[in-house]
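What follows is a set of notes on a single structure, which appears directly below.
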Amino acid sequence: MEGFYSPVQVTSWLAQGRALFLVIHFLGIAGFCYIVARRLVPLVRGERDLRFDRPLARLGRVLKFWLGQWKHPRYRTAGTLHILIFAGFILLAMRAFTVLIVGVSPDFVMPGLGGKTGQSYNIITDYAATIVFLCMVFAVVRRLVFRPARYLVPAKYGKSHTPDAIFLLVLIAILMVADSLFAAAKAAAESQQGQPIEALAVLSLPWILKIALASASLTTVGKFYFGAYLLHEITFYFLLCYRPFGIQFHVETSLFSIYFAKLDRGTLKPVRWGVGDEHLDEVKSFGVKTFEDFTWKHMLDFYSCSDCGRCSDNCPANAVGRPLSPRFITIKGRDYAFQHYPMFGRSNNGKALIGNVYSEDEIWSCTTCGACEEECPLLVEYIDKIVDLRRGMVDDGKVPQSLQKPLKALESRGNPYGKLEKKRADWANTKEFQQACTVKTLDHKNGADTLYFVDSITSYDDRMQSIGRATAKILEHVGKNFGILGAAERDSGHEVRRFGEEMLFIGLRDHNVEAIKASGVERIVTADPHAYNALRHDYKDVPPVEHISQVIAGEVKAGKIRFNAVANKNNVYTYHDPCYLGRHNQVYDDPRDVLDAIPGLKRVEMARSRDRSFCCGGGGLMLFYEPKEEQRMGVKRVQMAAEAGANVIVTACPFCMVNIEDAIKVAGMEGKMTVIDLAELAEQQLARESQRAA
Amino acid sequence: MEILVCARRVPDTSENEIELNSAGNDIERDELVYSVNEPDNYAVEEALQITARVGGTVTVATVGGEDDEEILRREMAMGANRAVLISDDAFAGSDGRGIASILKAFVQKGKYDLILTGVQAEDGAAQVGGMLAAMLDYPFASLVTSIEVLEGRKLKISREIEGGNKEMHEIDLPCVLSIQTGINEPRYVGMRGIRAVASVPIPMFGTSELELDPNTVGESAAKVKRIDYFVPALGKGAEMLHGNREENIDKVLELVAAKGGLK
């Protein structure tokens, strides 16, 4: 208590209101507890979700994404504002609690915040309150004048959220003013009485308010002191109890959302947590059909969303006018929860989500590219929810006609095209290719160390077979003892699973796992990022898998691969990150290293690259889906490449190749833009022994 | 309403490469994969939608062998209440009339208000539905593209006629309808659904259960016999348009209009 002096008059001003303050305290805390308890009702009824493992990894994420605000700077202005406000809130927390308690116990000092520490803390928080206040002013101006496009609410999703956002911003501003006025009035009273006073932070809000009160009478100052306290207390509790009704609930829930966030990229949640594949036949209903089929964590995501719009701002489906906006997947989920689990009275649950809250087209529109999840500061999960909703639709037979044929073909032939199994290795049997390279089919007679997992599109699509041949030639060039499964290979099932047909996926996976084990290989290489992701994350007990870009990059570093200089020095190359290589598996540098190892190759980056890469339109079954859209994603992507000044797009995924090749034609850019696969380009540029000798 | 759907298992044209066998009198069947005949699948979906609206049950029957159980299970997974395999060695080699006779015997063993068939089998001749109706002395309508249940044991149906037009009819129950594809959007049957009905027993009906004279069906009774099978020679292929964009567009419009595609 040394150095801290409470004059009798000042505390006596509050003493008169003690009973009132106590009542408000009680009502505020009781109200908040009741509201939160009601909000927890659906979570308790939700599906289980095993998120209690790996506490250290989870704490690390709390430090990085919650305390460290890691994702925020990706949006410079809003991110900076948020970091300032967040830091301000964290700093002000103790001050706010102290103020609340002072109303009941005037001499209260927060333990550890007495003396010099307390003085420094007060100076810092004077500034914190001022900065938060200014941020609120700025945020209101931004909402009203600059109106960032991502905050717009399209008419089909209801009314604008701006009034509510501004209401909340103003409330926080009032809280800051009340807090500052409280400090200022106290300081003013003390200084008028000639008592020793604590210095207020120069130019801070309390400092300015104190100057304003300098000439006021002691009685007036006392009224301001009392009024400020009451305003602070009411605003504080109003905000506390109002936040669970809207976007600011994340103030409370974000810590939990981030702690329990998904840890493993590229994976999918199981159909039911804790139910193994062998018991799936006993599960009565698959996927999410009603709100209560969501897991508690996915419901918590709905509460935690702060409506910042970054997901939809990055969603390629949203960008091309498909009927999907991830932001509203969440907002609609939250609205449902609020409406069907009211504060008073019984909940009315059990309504089908598809057709009432979400539309079939909306849920099929997602390419699972992961751009939304990459951007979300609160680590809200979308892909698992979309896949769960699809599992529910598949279970109810609600599958678009355009997808039924390829699914049936996958079931009977192991590929979506309905082509014969025995023709799966035909790409390797053309005369011309066989003269340059031999690809053996692995069986009990022919073994190898490395399996080249080709997957369906590269096996059967005339154009993509060239990627297969280039991959094989590279593997042969670096002296790998490799082979393929041939007719024994089935589709990896990557999209089958992501389109919600879990049982079909399990059939394909089990067949492949058995064939891979029988082949006796020690490692797997693939040129298809979707197969790569499936083998890496959806399959278990298979040898380690590498994407061909990683193999090439490794061999370049080891000096086993050297490239010839590019023939056309005028070409400008740009690398398009496939979603399942980049975002989902973090392979960003290897493909770029390969390109940069080609002498004379001029490479530029698109504005959207690496973890902000823009999906080309989706792979696997997405090629069969007929979305409602204004434009193709690929066309947008090709235009981005042109804007970057490139005339050659290099990608590393057969599906990107399909989409971008089509998009070049649709955009009328034939002759101005070309696309090539990384494996094809690397194979073209290989400096072979004969050439080196020459 | 009690509905019987007559379905058939056929080689799936989108998942097979149809080739002639060495004798040249049939297709090579060793590596074929089969599915339910597509129009039959629409018929089952339509039956399910009707019973969902007005109540009743859906029975799916096929004339064939044990392998054909596969499609019966698929249709049960779709929602059919009952499936029956009509099978007997004596049925082998039946022509369309033979199949219709077998189905007629089966229909008379039950009590059905409505009998649906696909408009035609992908490897068939679009004849069984009509013959079955005639044998049963039931009214018949083909190429049905919508069904509405009316009061007083009547249906209102639409039929597709040439040029994309539709004709509306009223038809008395019991009747036989052959269903055109596109009448609905058949629901998806997933692996899970098929697994769920994998062990449901499927009753089998043969000549004795149907009280059918074996001499009236099968190869010996067939009056239409396949004598050859051939794959037509490839034509010249596509007609390439050589001209600038505007000319090509005009030419395409002209060609499409000439085929009745534009009005």
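FYI, it's all coordinate maths here, none of it is from the lab. None of the values given here were measured: they were computed from a predicted structure. Cβ: placed from backbone, ideal geometry, glycine included. Neighbour counts: every protein chain shown.
For chain A, find the longest principal axis of its Cα atoms and tell me its angle to the long axis of helix A:76-102, 0 to 90°, nearest 10.
Approximately 40 degrees, to the nearest 10.
Taking the alpha-carbon distance from residue A:64 and a cut-off under 28 Å, which lysines remain once sequence neighbours fewer than 8 residues away in the same chain are dropped?
A:262, A:269, A:297, A:385
By DSSP, what percent of the beta bridges with both residues in the range A:538-694 are antiparallel, rounded to the nearest 5?
Restricted to the range A:538-694, the bridges split so that about 10 percent are antiparallel.
If you fit an axis through the alpha-carbon atoms of helix B:69-78 and take the longest principal axis of the Cα set of chain B, what angle between them do you get, 0 to 90°, nearest 10?
80
Determine the shielding of peptide B:24-35 by partner chains: average, over its residues, the number of Cβ atoms on other chains within 10 angstrom of each Cβ.
2
Which of the listed residues, A:193, A:121, A:678, is farthest toward the dipole's positive end in chain A, when Lys, Arg count +1 and Asp, Glu count -1 at the beta-carbon?
Farthest along the dipole direction, towards plus: A:193.
How many lysine pairs does the range A:572-693 hold where the Cα atoms are under 21 Å apart and the two sit 8 or more places apart or on different chains?
5
If you place +1 on the Cβ of every Lys and Arg and -1 on the Cβ of every Asp and Glu, how big does the dipole about the Cα centre of the range A:56-165 come out, in debye to the nearest 20?
That gives the range A:56-165 a dipole magnitude of about 820 debye.
State, as an integer percentage, the relative contact order of the range B:2-234 based on alpha-carbon contacts under 8 Å between residues 6 or more apart.
Over the range B:2-234, the number comes to 27 percent.
Starting from one equal scatterer on each C-alpha and no solvent at all, send me the Debye-based log10 I(q)/I(0) for the range A:264-344 at q = 0.11, 0.15 Å⁻¹, two decimals.
Log10 I(q)/I(0), no solvent term: -0.41, -0.73.
Loop only by DSSP, 12 or fewer other Cβ within 10 Å of the Cβ. Give me the trypsin sites (Lys or Arg not before Pro) in the range A:135-221 that pass, ordered by residue number.
A:159
So which trypsin sites (Lys or Arg not before Pro) in the range A:365-396 end up in coil per DSSP with only 14 or fewer other C-beta atoms within 10 Å?
none
May I ask for the Kirkwood hydrodynamic radius of the range A:206-289, worked out over all distinct Cα pairs and given in angstroms to one decimal?
Kirkwood radius, the range A:206-289: 18.7 Å.
Counting partner chain Cβ atoms within 10 Å of every residue's Cβ in A:390-403, what's the average?
That works out to 3 on average.
Taking all pairs of different Cα atoms in the range A:287-395, averaging 1/r and flipping that mean, what Kirkwood radius in angstroms comes out?
So the Kirkwood estimate lands at 14.0 Å.
If you rank A:343, A:673, A:176 by fewest surrounding Cβ atoms within 10 Å, what's the result?
Going from sparsest to densest Cβ surroundings: A:343, A:673, A:176.
How big is the dipole moment of chain A about its Cα centre under a simple scheme where the beta carbon of each Lys and Arg is +1, that of each Asp and Glu is -1, and everything else is neutral? Debye, nearest 20, please.
The calculation lands at about 960 debye.
Report the charge-dipole magnitude of the range B:2-234 in Debye, nearest 20, computed about the Cα centre from +1 at each Lys and Arg Cβ and -1 at each Asp and Glu Cβ.
Roughly 860 debye, rounded to the nearest 20.
Along the positive direction of the dipole of the range B:109-178 (beta-carbon charges: Lys, Arg +1; Asp, Glu -1; about the Cα centre), which of B:138, B:152, B:120 reaches farthest?
With unit charges placed on the Cβ atoms, the residue in question is B:152.
Take the Cα coordinates of the protein assembly as shown, assign each an equal point scatterer, and use the Debye formula without solvent to give log10 I(q)/I(0) at q = 0.06, 0.07, 0.08, 0.10 Å⁻¹.
Normalising to I(0) and taking log10 leaves -0.59, -0.76, -0.93, -1.24.
Can you put A:202, A:387 in order of Cβ neighbours within 10 angstrom, beginning with the fewest?
Exposure proxy ranking, most exposed first: A:202, A:387.
Taking each residue of B:190-198 in turn, how many C-beta atoms of other protein chains fall within 10 Å of its C-beta, and what is the average?
Across B:190-198, the average partner-chain Cβ count within 10 Å equals 6.
Give the value in nm², to one decimal: projected area of the alpha carbon convex hull of the range A:572-693, averaged over all directions.
8.4
Only bridges with both residues in the range B:1-118 count here: give the DSSP antiparallel percent, nearest 5.
Of the beta bridges lying entirely in the range B:1-118, close to 20 percent run antiparallel.
Output ³J(HN,Hα) for the range A:395-406: one whole-Hz value per residue in order, computed from phi by the Karplus curve 6.51 cos²θ - 1.76 cosθ + 1.60 with θ = phi - 60°, and x for Gly and Pro.
So the J values, rounded to whole Hz, are 5, 8, x, 8, 10, x, 3, 5, 9, 5, 4, x.
For the range A:115-174, how big is Rg over Rh, using alpha carbon atoms and the Kirkwood form of Rh?
When Rh is taken as the Kirkwood radius, the ratio is 1.22.
Please compute, over every Cα-Cα pair in the range A:85-153, the percentage with a separation greater than 19 angstrom.
So the pairs more than 19 Å apart make up 48 percent of the total in the range A:85-153.
Total Lys pairs in the range A:417-557 closer than 23 Å by alpha-carbon, pairs eight or more apart in sequence or interchain only?
Lysine pairs meeting the criterion: 25.
Using a Cα distance threshold of under 20 Å, what count of lysine pairs results for chain B when pairs must be 8 or more residues apart or interchain?
Taking the Cα cut-off of 20 Å, the pair count is 10.
Using the Karplus curve 6.51 cos²θ - 1.76 cosθ + 1.60 with θ = phi - 60°, what ³J(HN,Hα) values do you get for each residue of the range A:208-223, in whole Hz, with x for Gly and Pro?
Karplus values, whole Hz, x for Gly and Pro: 5, 5, 5, 4, 4, 8, 3, 8, 6, 5, 4, 4, 4, 4, x, 5.
Using the 10 angstrom Cβ neighbour count as an exposure proxy, how do A:330, A:574 rank, fewest first?
A:574, A:330
Normalised radius of gyration for the range B:2-234, please: alpha carbon Rg relative to 2.2 N^0.38 Å, two decimal places.
1.01
Need one number: % antiparallel among DSSP beta bridges in the protein assembly as shown, to the nearest 5.
30
Computed over the Cα atoms, what is the radius of gyration of the range A:315-469 divided by 2.2 N^0.38 Å, N being its residue count?
Ratio of Cα Rg to 2.2 N^0.38 Å: 1.50.
Can you list the HN-Hα couplings for the range A:546-557, worked out from phi with the Karplus curve (6.51, -1.76, 1.60; θ = phi - 60°), rounded to whole Hz and with x for Gly and Pro?
Working through the residues one at a time gives 10, 8, 4, 5, 6, 5, 4, 4, x, 6, 5, 5 Hz.
Leaving out same-chain residues fewer than 8 places away, which aspartates and glutamates sit with a Cα under 15 Å from that of residue A:159?
Counting by Cα, and skipping residues close in sequence, residue A:159 has these aspartates and glutamates nearby: A:307, A:335.
Taking the alpha carbon gyration tensor of the range B:16-146, what are the square roots of 5 times its eigenvalues, largest first, to the nearest whole Å?
Square roots of five times the eigenvalues give 26, 18, 15 Å.
Using the per-residue mean of other Cβ atoms lying within 10 Å as a proxy for protection, in what order, highest first, do the peptides A:580-589, A:301-310 fall?
The peptides rank, most packed first, as A:301-310, A:580-589.
If we count every other residue with Cβ under 14 angstrom of residue A:529's Cβ, Lys/Arg +1 and Asp/Glu -1, where does the sum land?
Once all neighbours under 14 Å are counted, the net charge is -4.
List the trypsin sites (Lys or Arg not before Pro) in the range B:91-136 that DSSP assigns to loop (not H, G, I, E or B) and whose Cβ has at most 15 other Cβ atoms within 10 Å. Which are they?
Passing sites in the range B:91-136 are B:109, B:111.
Using a simple spin-label model with points 7 Å from Cα along the Cα→Cβ vector, what separation in nm is obtained for residue B:122 and residue A:264?
3.9
Could you give the C-alpha radius of gyration of the range A:114-254 expressed as a fraction of 2.2 N^0.38 Å, taking N as the number of residues it contains?
Against the compact-globule rule of thumb, the ratio is 1.25.
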